[in-house]
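Since the structure comes first, as structure tokens, the remarks are kept for the end.
The values are calculated or read from the model by the stated rules, or taken from the named source; none is laboratory data. All values derive from a computational prediction rather than experimental measurement. Cβ atoms come from the backbone with ideal geometry, glycine included; neighbour counts cover every protein chain shown.
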Amino acid sequence: MRILFFAQLKDATRCEAVEISTSSPLTTGQLWARLMAEFPGLGAHRASVRIARNCEYVGLEATFANGDEVALIPPVSGG
Amino acid sequence: MEIEVQLTREPIAAIIPPPASGLAGAWVEFRGLVRSEENNTEISALEYEAYAGMAEREMRRLIAAVSEQQPCLAVKVVHRIGVVPVGETAVYVGVAAKHRGAAFAVLAGFMDQLKQDVPIWKRRALAGLVAVAALRPLPPPAKRLAAGPARNAPLPLETALAHIHARIPPLPAVSLPLQDAAGHVLRENLVATDDSPAADRSTRDGYAILQTDSSATFCITDTLHAADCKPRQLGPGEAVRVATGTTLPCAGLRVIMQENAERTGNQIKILRSETATNVCRHGEDWQAGDTLLAAGKVLDAGALAVLASVGCTQPRVSPQLPVLHFTTGDELVPPTTSPQPGQIRDCNSILIRALLEKQGCAVTQQHLPENFEAAQRVVASLVPPAPTFNLVLISGGAGGGDKDFTRALLEWLGFEIVFDRVNIRPGAPLVFGVNGTRIAFGLPGNPLSHFVCFHLFVAAALKRLTGAEPDGMCSGMLAGKIEDAPNARETLWPARVILENRHARLTPLRWHSSGDVTCLAAANALIRVPAESGLLPAGTEVNFLPV
């Protein structure tokens with residue numbers, strides 16, 4: 001699956017996107033654990049970040065499989 | 001309900017017409033502008049970022065949800081991304097509804113939700129030159145997880161273009177008579193104030209009768225010529241002799257071609273029935289309120305004909321741009337001279353002149369000596385003086401010393417250097433400077449670099465100055481392979497593009513170094529080859545800029 005970072009999360013990870021693969025779907029907790037192991041800087045943002053899967057916001061119960069596009073969405077500021 | 005949602009890197013039009021359905025009694029518009037102050041700091045622009053696919057989808061979802069409570073007819077949303085200078089519109093929302101109450105409510109409800117849910121961010125505030133450092137590409141990812149490509153952001157090419165866009169204001173428009181306006185960029189929408197044709201008109205020589213009239217014979221009650229206009233209601237069994245172009249006496253008529261009728265005195269008999277009505281209907285070409293030409297259109301012959309037909313004889317257009325082009329390099333000799341060993345013929349001068357004149361610019365060219373003080377004396381003696389030109393181009397050598405000369409000369413002329421390198425090849429050492437509404441480029445000296453930098457950057461700057469629609473990237477397929485070692489820089493590869501079954505097929509042209517000239521004669525496209533691509537086989541989908 002492809003994980004996309006936006007706005008300040010790009011600064012925290014120094015990249016726009018990473019590809020990760022998994023043998024079985026990841027829970028939200030497992031996904032965060034994988035990401036924070038590689039990008040400790042994400043920890044400070046975790047409480048304010050919402051997750052979108054394939055362009056739709058999902059809740060904490062969501063799981064993430066290979067082929068998904070997963071976006072970490074920090075607080076938005078459009079308009 | 002009509003929903004239109006758009007993210008754009010371009011300025012949002014000053015006037016956006018309401019939907020033409022006629023059902024709306026209210027058209028409520030909102031524009032969110034970039035203010036000159038952000039967090040108590042003076043700024044020159046804001047940079048917006050979006051998760052484009054999701055942002056558009058979320059906006060549509062929000063509009064549908066909000067309009068469930070308050071029915072409306074149409075909603076149009078345009079949100080800028082990229083660099084938005086102070087004073088420009090960052091977001092535009094237009095809502096059409098039967099009554100104003102619903103339109104205001106939908107607008108307010110949507111804006112509130114937009115600021116909570118739509119993945120768009122104010123990325124950073126730009127304050128003059130500080131912004132240049134802030135906008136440098138982010139460093140590559142510290143690590144990658146498992147295997148797979150990680151994209152670095154932002155693309156250096158796009159960043160350079162964003163700076164050009166942000167630092168160049170469109171020049172004030174002028175009014176020109178039609179015969180002088182060809183090639184200029186229209187700066188205001190041309191909106192029809194009436195209908196055309198103003199009434200039904202015949203497209204044939206023949207006999208006008210009621211469309212529903214099934215009589216076998218008709219009595220001719222009048223004869224009308226092309227310039228006649230005699231409105232009245234026709235009755236059954238009645239025919240009026242008309243010519244091609246005649247304004248018909250009333251609506252709801254059809255015209256029997258004279259070849260298909262037999263006339264005896266004042267009577268006609270229809271010989272053959274026709275399926276065509278042979279009538280150009282009222283308002284068929286345009287109706288009041290239609291946008292006939294949009295601001296940003298380059299006025300060609302057809303567009304001038306439209307202006308003439310609505311009586312717009314002094315359109316507001318961009319002025320012609322005076323451009324000053326300097327060549328440098330003691331190795332250059334005029335094309336009329338046989339080069340001695342170590343010398344080469346100057347082909348950049350005619351290349352740049354032709355490219356600029358195609359864009360409607362008035363070009364002045366001057367060769368400069370390689371000694372800086374001598375060059376300053378030449379520049380100082382120019383008539384008209386250098387500061388009267390909107391655009392200054394310097395063709396320099398590829399070497400560092402020449403680049404310093406370009407920078408020094410531009411700074412001496414009062415230009416602030418915005419950037420001096422772009423992460424592309426060919427054409428990396430490109431200098432861009434601004435001085436108020438005047439701009440300057442230092443072009444790396446090789447002809448192919450000139451060609452690439454002109455089409456990528458100078459053309460974009462000219463379009464911004466003149467308010468023209470910017471060129472977009474197109475996509476197409478490689479007809480032959482690009483054989484190249486992986487390169488750390490993005491490459492703009494010259495190519496020949498043809499349309500085959502309406503698909504663009506691109507043949508890459510032979511190219512070894514930026515000194516190559518022969519490919520220029522065939523090139524009509526620049527293929528964007530991403531950094532580190534290596535070999536691209538035939539059949540690869542690529543993006544390209546038509547040139």
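For this structure, a couple of remarks:
- Among residues of segment B:358-387 that are assigned to a loop (DSSP other than H, G, I, E, B), those with a Cβ under 6 angstrom from a residue that is β-branched (Val, Ile, Thr) and surrounded by 12 or more Cβ atoms within 10 Å (Cβ to Cβ), sequence gap 6+ or separate chain, pair up as B:361/B:323; B:368/B:328; B:368/B:378.
Per-residue answers, yes or no, for (1) crowded, with 18+ Cβ neighbours inside 10 Å; (2) under 24 Å from the mean Cα position of the chain (by Cα):
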residue	(1), (2)
B:480	no, no
B:488	no, no
B:492	yes, yes
B:502	no, yes
B:506	yes, yes
B:512	no, no
B:516	no, no
B:521	no, no
B:524	no, yes
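Per-residue answers, yes or no, for (1) farther than 25 Å from residue B:114 by Cβ; (2) in contact with a strand residue (DSSP E or B) (Cβ under 9 Å, 6 or more places away or on another chain):
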position: A:35; (1), (2): yes, yes
position: A:41; (1), (2): yes, no
position: A:70; (1), (2): no, yes
position: A:74; (1), (2): no, yes
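- Tally of residues being more than 10 Å from chain B (Cβ to nearest Cβ) and touching a Ser or Thr at 6+ places or on another chain (Cβ under 8 Å) across segment A:31-57: 2
For every residue, the table says whether it meets (1) out of contact with any strand residue (DSSP E or B) (no Cβ under 6 Å at 6 or more places or on another chain); (2) not charged (D, E, K, R).
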position: B:15; (1), (2): yes, yes
position: B:20; (1), (2): yes, yes
position: B:29; (1), (2): no, no
position: B:37; (1), (2): yes, no
position: B:76; (1), (2): no, no
position: B:82; (1), (2): yes, yes
position: B:89; (1), (2): no, yes
position: B:95; (1), (2): no, yes
position: B:102; (1), (2): yes, yes
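- Of all the criteria given as (1) touching a Leu at 6+ places or on another chain (Cβ under 6 Å); (2) surrounded by fewer than 14 Cβ atoms within 10 Å (Cβ to Cβ), the one not satisfied by residue B:84 is (2).
- When A:71, A:33, A:65, A:44 are screened for being more than 11 Å from the chain's Cα centre (by Cα), of a type in the set (A, V, I, L, M) and modelled with pLDDT of 90 or more, only A:65 passes.
- Applying the criterion of being of a type in the set (A, V, I, L, M, F, W, C) and within 14 Å of another protein chain (Cβ to nearest Cβ) to the residues of segment B:65-98, the residue that is farthest from residue A:78 (Cα to Cα) is B:65.
- Complete set of residues in segment A:59-76 that are within 12 Å of chain B (Cβ to nearest Cβ) and either surrounded by 15 or more Cβ atoms within 10 Å (Cβ to Cβ) or among the aliphatic types (A, V, I, L, M) (or both): A:69, A:70, A:71, A:72, A:73, A:74, A:76
- Residue that is nearest to residue B:186 (Cα to Cα) [pool: residues in segment B:356-403 that are modelled with pLDDT of 85 or more and among the basic types (Lys, Arg)]: B:358
- The condition (being surrounded by 13 or more Cβ atoms within 10 Å (Cβ to Cβ) and either at pLDDT below 95 or out of contact with any Cys (no Cβ under 9 Å at 6 or more places or on another chain) (or both)) is satisfied by just one residue among B:233, B:258: B:258.
- Number of the condition not met by residue B:282 [criteria: (1) more than 22 Å from residue B:170 (Cα to Cα); (2) modelled with pLDDT of 95 or more]: (2)
- Qualifying positions in segment A:10-30 - assigned to a helix (DSSP H, G or I), at the interface with chain B (Cβ under 10 Å from one of its Cβ atoms) and surrounded by 18 or more Cβ atoms within 10 Å (Cβ to Cβ): A:10, A:13
- Filter pass, residue B:424 being within 20 Å of residue B:462 (Cα to Cα) and either crowded, with 22+ Cβ neighbours inside 10 Å or out of contact with any Phe, Trp or Tyr (no Cβ under 6 Å at 6 or more places or on another chain) (or both): no
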